[in-house]
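The values are calculated or read from the model by the stated rules, or taken from the named source; none is laboratory data. Predicted, not measured: the structure shown is a model, and the values here were computed from it. A quick note on method: Cβ atoms are made from the backbone with ideal geometry, for glycine too, and the neighbour counts reach across all protein chains shown. SASA here: full protein model, heavy atoms, side chains in, ligands and nucleic acids out. Shrake-Rupley method; radii C 1.70, N 1.55, O 1.52, S 1.80 Å.
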Amino acid sequence: MSSGSDNRIRVDRRTTIKWLAATMAVAHTGCATTEKYLGDEIPPAPDKLLGSAGAPGNVRYGTDADLVNPVVPWSRTMTEAQLRIASSLCDVIVPEDGRSPAASAVGVPDFIDEWVSAPYPQQRSDREIILAGLEWLEQQSQDRFGSSFAAAGVPQQAQLLDDIAYPADAVPGLAEQVEFFERFRYLTVGAFYTTEAGTNDIGYIGNVAIKGEYPGPSDEALAHLAGVLEQLGLSLPA
Amino acid sequence: MQEQYDAVVVGSGAGGAMAAWVLASKGLRVLMLEAGRHYDPYRETPMFAVNRDAPLRGTGTPDKEFGYYDATVDGGWEVPGEPYASAPGSEFMWWRSRMLGGRTNHWARNSFRMGPYDFKPRSRDGLGVDWPIEYEDLAPWYDRTETVVGVYGRNDGLENHPDSSPGVLHKPPAPRVGELLIQAACNELKIPCIPARRAVLTRPIDNRSACFYATGCGRGCAIGAAFQTTTSLIPMALATGKLTIVTDAMVYEVRLNDEGKAEGVGYVDKITGKHEAAFGRSVVLAASAGETARILLNSKSESFPDGAANSSGQVGRNLMDTVGAAMGAQFPLLENRPTYNEDGAMGMHMYIPFWLYKEQARGELDFARGYHYEFGADGRAEPGMGIAHIAGFAGGYGRKLKEDMRRYYGSFLDFVCRGEMIPNAGSRCEIDPDSKDRWGIPTLRFHFKWSDHELNMVRHFQKATKEIIERLGGKLQSGDVSPEQAISKGGQIIHEVGTTRMGDDSATSVTNQYGQTWDVRNLFVADGGVFASKAHKNPTLTIMALAWRSSDYLAEQLGKRSL
């Protein structure tokens, strides 16, 4: 395991003891190091590995926004370092394959920045989870592999994620990180499949005006349905 | 000298716009007052806009609860500066919209006729009250309303689900895969599954086009296919030259003269903040069941210390909403199914009408009224952020996840319960003694509770739905929850009605069968407030049919100068 944990346990007041306890639980840092943080005194917040995101503003789009010319009126707040880790993590979740590009190639990291910088309650709540989670991931990568998550190999990245990506099999004590992964995946997948590339990949072919009557299912779709109904012992409605 | 109109209509939604058009087309001079701003659906509707172009991919926020593109202006569950409250032990949600056309700009367009049983519920089961009219009294106006509005559907001749007259309905769109699957199970289970009825044109009417099967109705419809008053009744009424519209006019009272007749209304001009008045030979309140009750309760005078037209004490009482519940399931047999354009009419093509009237009449059910099913069967809808729930279902990440997304997309179906609530003494609204809005107008406080009839109905829906899902090899995704957990909150289905109910007796109702208040004979109500019961059928079509019938009567009385 990595050395130099003294300097690397960089946790600000916000992430606090619960994150330390979680780090302890995976037991990749020396006990002596963490114990001194678990006393009554909380040390002054040191710099974070990924820097501190800018304060989110209170600029909302309001209750009468222009629906035809939509704009995001608030500023992005994530640091370059946070975006770098987010970008790597997006691509582990949605990598390039034969059908569509990786998430980072279609702007998903920027969308995550848009989301966590938004002024609304759900997004504020996600912000806490996402930014702390990215910091944790980077800390873990440096501790375990001596490398930034962004520079770690796919097997190393997978090793970290497998601790938190499967709730039923997650490493005990990592409930916050499991929630982080779930929320980050939600944002990544939602953002990716709403892009043109993602929408094409998944096979959505609507949003086009049809002249005349709605044609209903294609012959191929109906044939498939007929097969399904046959398996169920049901007949296709007349 | 203030201008005097033949009618001052408060509200521009389903009831108000219908009243204004009917009266104006008979040559009467009408003033329409709308609390929200002017709204131009031809210019403001984000037709074909995709989620990726909206902030947060269009996800709902406190500013836009139903999503960025939803055609609700300055509204939602909260309206800035216009609070309402729920009494201790109650939780009521009140959706408002501050725009010309009101909530008709975004509604689901589901349009079912109430049937003979629905107008005489007390005669049938001893609960609630009967309406002062029968189905046959309203049937001609249903035909007329459907003709003007444009409703797709089919006549199936089912018990208590009336047919329309020949030629009235538009041809319903072809069912999609999910709907055919459910229909196949229903056919075996002896449950009717028939074309839904929605206020969406499938043939053109005047300058309104037929549906072209794309872009969600909830954002409004710039081609006029999905009915909203801002592309139909309001332009039609304006074309008569008899309608004047004033927007940003927040009506707060009905003004009565010394003879006890309505002389007009008082309102706040929201732009200037000034108090203004408008005068007419008659006043028609169509501000929504909640807002109309609020106006009446706030119209206190010596002759009406408890609010105008409230000698019965019934204003604000008998508040009802539709019973709501939903269950979702995933169907392995629908995985990896072939893709095709599943947008359709951007709403349901098929539904399940209530089918257990005989069992109910025989006392075999532990709930007294009906419910119907609506489906979320457009499984291959345009992706929004919600598509990420598939990832939660599939689990994991990486290329496997991408394969799973393709596999599971379109394999989920939603089943929605929409049921009848019976009025009860614990459900009502009143003026909150402790609260005023930004203009100093006292606000509403709601009391709400469900009875065992509604909870037992939800339990029945849960059981019936499980049978359908199991028959189709589906996996329930919504969990096993109690009816108490599953039932919607009061107001959440946005079908609030009953607060100024009509009846035969001035002691127990607020208006007669024409929405004419018993106490003030030139004061009418033309919104959902007049409902004496709340059938499971979505109320908008009935609001419009009643508003038309009442307006015909009002016009006749104005003509005779008998008000």
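Taking the residues in region A:77-112 that are more than 12 Å from the chain's Cα centre (by Cα), surrounded by fewer than 22 Cβ atoms within 10 Å (Cβ to Cβ) and within 18 Å of residue A:48 (Cα to Cα) as candidates, determine which candidate is nearest to the other protein chains (Cβ to nearest Cβ). My answer is A:77. For region B:144-187, the tally of residues that are surrounded by 18 or more Cβ atoms within 10 Å (Cβ to Cβ) and within 13 Å of another protein chain (Cβ to nearest Cβ) stands at 16.
Of all residues in region B:434-486, those satisfying the criterion of being open to solvent by less than 30 Å² (accessible area, probe 1.4 Å) and part of a loop (DSSP other than H, G, I, E, B) are B:437, B:441, B:448, B:472, B:474. Checking each residue in region B:358-391 for being facing another protein chain (nearest Cβ under 7 Å) and either touching a residue at least 60 places away in the same chain (Cβ under 8 Å) or assigned to a helix (DSSP H, G or I) (or both) picks out B:382, B:383, B:384, B:385, B:387, B:388, B:391. What do you reckon, is residue B:409 open to solvent by 10 Å² or more (accessible area, probe 1.4 Å), over 25 Å from the mean Cα position of the chain (by Cα) and free of Cβ contacts under 8 Å to residues at least 60 places away in the same chain? So residue B:409 fails the test. Within region B:30-54, restricting attention to residues that are more than 13 Å from residue B:229 (Cβ to Cβ) and among the aromatic types (Phe, Trp, Tyr), the residue that is most open to solvent (accessible area, probe 1.4 Å) is B:42. Counted as qualifying within region B:215-326 are the strands (runs of 3 or more DSSP E) with 1 or more residues that are of a type in the set (Phe, Trp, Tyr), namely B:249-256, B:262-269, B:275-280. Residues in region A:176-201 that are away from chain B (no Cβ under 11 Å) and either open to solvent by 80 Å² or more (accessible area, probe 1.4 Å) or touching a strand residue (DSSP E or B) at 6+ places or on another chain (Cβ under 6 Å) (or both): A:179 only.
Condition check ((1) of a type in the set (Gly, Ala, Ser); (2) without any contact (Cβ under 8 Å) to a residue 24 or more places away in the chain) across all residues:
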{"residue": "B:396", "(1), (2)": "yes, yes"}
{"residue": "B:399", "(1), (2)": "no, yes"}
{"residue": "B:405", "(1), (2)": "no, yes"}
{"residue": "B:436", "(1), (2)": "no, yes"}
{"residue": "B:444", "(1), (2)": "no, no"}
{"residue": "B:448", "(1), (2)": "no, no"}
{"residue": "B:451", "(1), (2)": "yes, no"}
{"residue": "B:468", "(1), (2)": "no, no"}
{"residue": "B:475", "(1), (2)": "no, no"}
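Selection of region B:504-525 for residues being open to solvent by 10 Å² or more (accessible area, probe 1.4 Å) and either in contact (Cβ under 8 Å) with a residue 60 or more places away in the chain or of a type in the set (Val, Ile, Thr) (or both) yields B:504, B:506, B:507, B:508, B:512, B:513, B:518, B:519, B:521. Considering A:225, A:232, the condition of being modelled with pLDDT of 95 or more and closer than 30 Å to residue B:170 by Cα is satisfied by A:225 alone. Contact map, region A:163-192: first residue in a loop (DSSP other than H, G, I, E, B), second residue of a type in the set (Phe, Trp, Tyr) and open to solvent by 20 Å² or more (accessible area, probe 1.4 Å), Cβ cut-off under 7 Å, separation 6 or more or different chains; pairs are A:165/B:397.
Of all the listed residues (B:277, B:287), the sole one being touching a Lys or Arg at 6+ places or on another chain (Cβ under 7 Å), among the aliphatic types (A, V, I, L, M) and open to solvent by 10 Å² or more (accessible area, probe 1.4 Å) is B:277.
Taking first residues from region B:129-140 that are in contact (Cβ under 8 Å) with a residue 60 or more places away in the chain and partners that are acidic (Asp, Glu) and surrounded by 13 or more Cβ atoms within 10 Å (Cβ to Cβ), the Cβ contacts under 7 Å between residues at least 6 apart in sequence or on separate chains come to B:132/B:504.
Table: residues versus (1) among the hydroxyl-bearing types (Ser, Thr, Tyr); (2) within 8 Å of another protein chain (Cβ to nearest Cβ).
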position: B:189; (1), (2): no, no
position: B:202; (1), (2): yes, yes
position: B:226; (1), (2): no, no
position: B:240; (1), (2): yes, no
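Taking the listed residues B:405, B:421, the one that is under 30 Å from residue B:498 (Cα atoms) and in contact with a helix residue (DSSP H, G or I) (Cβ under 9 Å, 6 or more places away or on another chain) is B:421, with no other qualifying.
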